[in-house]
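The values are calculated or read from the model by the stated rules, or taken from the named source; none is laboratory data. Bear in mind the structure is a predicted one, so any value in this text is a computation, not a measurement. FYI the Cβ positions are ideal-geometry reconstructions off the backbone, even for glycines, and counts take in every protein chain you see.
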Amino acid sequence: MITPSASTLGAPGVPLDVILAWLEQHRIHGIELRLAPGEIADPDMNTAARAGLRRQINAAGVQVTGIASYVKLAAPGADESIIRGLIQAVDFAKDLGAPMVRVFPGADTEPAAFTETPPLVESREEVDTRAARRLSAVTSYAADLGVLPVLETHDSHPSGRDIAAILRRVDGPVGVVWDVLHPWRVGEPLEETWKVLAPWLAAGRGSVQIKDADMPASSTPLPIGTGTLPTEELGQLLVRNDYRGPVTLEWEKAWHPQAAPLDVALGSVRAWLDRHWEKDTK
């Protein structure tokens with residue numbers, strides 16, 4: 001059974017109690033917390049504040065499906081600072097009862113068209129080895145806390161093939177976040193993305209992000225099913241492969257203030273869920 005979820009990225013400045021009420025209205029049982037200063041999940045929150053946040057979410061009958069950190073595993077620089085940031089995010093996830101921490105690849109790239117994988121400034125071997133080394137350094141610690149680091153199809157590594165090349169090098173348990181946009185925009189078919197990420201997604205080690213927009217003309221979020229992203233095909237693929245795990249609405253209102261409020265988007269994702277899973281997500 002999948003876990004419908006939504007990211008707090010879609011509701012900048014909106015109080016948590018309002019977001020939780022929206023989730024209840026649309027029968028969305030999970031929440032992904034964006035870990036950033038000034039947000040509902042602020043990395044500087046003390047232990048008591050984290051416990052209070054967890055109680056409020058639990059009391060609403062909502063599960064924290066993940067913590068969305070901004071750690072960039074493949075970024076240049078000293079390993080120590082990246083590893084320290086990842087450990088801090090893992091600790092936050094443990095305190096909130098979240099099973100996963102999202103991280104980005106984040107290697108330096110050259111400019112590229114929307115439909116192209118951006119060229120790396122450094123060699124792919126160097127970048128992938130560095131990212132895997134940093135992940136390997138925390139897998140044992142994270143596993144002891146019951147938290148899984150999950151690497152998203154994003155930025156320097158937009159395709160499933162890109163992400164799998166890193167994950168295969170990691171020593172210890174890791175997972176993946178399949179953001180439907182990025183593999184699709186660089187021409188990787190949905191079936192191919194699933195095939196290369198299935199060792200993690202089919203094993204319950206990861207999540208799927210759903211979104212829509214009139215790409216490539218505009219990146220402003222649109223209700224699910226009204227843009228150009230292959231959202232219906234994605235739903236069919238997940239059902240066909242019996243995917244079981246979080247499906248998270250990433251409504252990027254924080255980056256696109258002109259987008260509709262999160263509760264509008266939640267209505268569209270609920271309709272999408274009902275089309276594909278019917279009773280399983282009610």
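Couple of notes before you dig in:
- Selection status of Ser156, at pLDDT 95 or above, polar (S, T, N, Q) and out of contact with any strand residue (DSSP E or B) (no Cβ under 6 Å at 6 or more places or on another chain): no
- The stretch 144-168, residues that are more than 20 Å from Ser123 (Cβ to Cβ), free of Cβ contacts under 8 Å to residues at least 40 places away in the same chain and surrounded by 19 or more Cβ atoms within 10 Å (Cβ to Cβ): Gly160
- Residue count for the stretch 84-141, restricted to those that are aromatic (Phe, Trp, Tyr), within 22 Å of Leu201 (Cα to Cα) and surrounded by fewer than 22 Cβ atoms within 10 Å (Cβ to Cβ): 1
- Residue check for Gly77: surrounded by fewer than 24 Cβ atoms within 10 Å (Cβ to Cβ) and either aliphatic (A, V, I, L, M) or in contact (Cβ under 8 Å) with a residue 12 or more places away in the chain (or both): no
- Ala98, sole failed condition from (1) more than 21 Å from Val174 (Cα to Cα); (2) part of a loop (DSSP other than H, G, I, E, B); (3) in contact with a Ser or Thr (Cβ under 9 Å, 6 or more places away or on another chain): (1)
- Of the set (1) within 25 Å of Asp44 (Cα to Cα); (2) of a type in the set (Gly, Ala, Ser); (3) within 21 Å of the chain's Cα centre (by Cα); (4) outside any helix (DSSP H, G or I), all apply to Gly77 but (3).
- Residues of the stretch 240-282 satisfying the condition of being touching a strand residue (DSSP E or B) at 6+ places or on another chain (Cβ under 6 Å) and either of a type in the set (Lys, Arg) or modelled with pLDDT under 95 (or both): Thr281
- Selection from the stretch 15-55 of residues that are surrounded by 14 or more Cβ atoms within 10 Å (Cβ to Cβ) and not aliphatic (A, V, I, L, M): Trp22, His26, His29, Gly30, Glu32, Arg34, Glu39, Asp42, Pro43, Arg50, Arg54
- Every residue from the stretch 16-53 that is touching an Asp or Glu at 6+ places or on another chain (Cβ under 9 Å), of a type in the set (A, V, I, L, M) and assigned to a loop (DSSP other than H, G, I, E, B): Ala36, Met45
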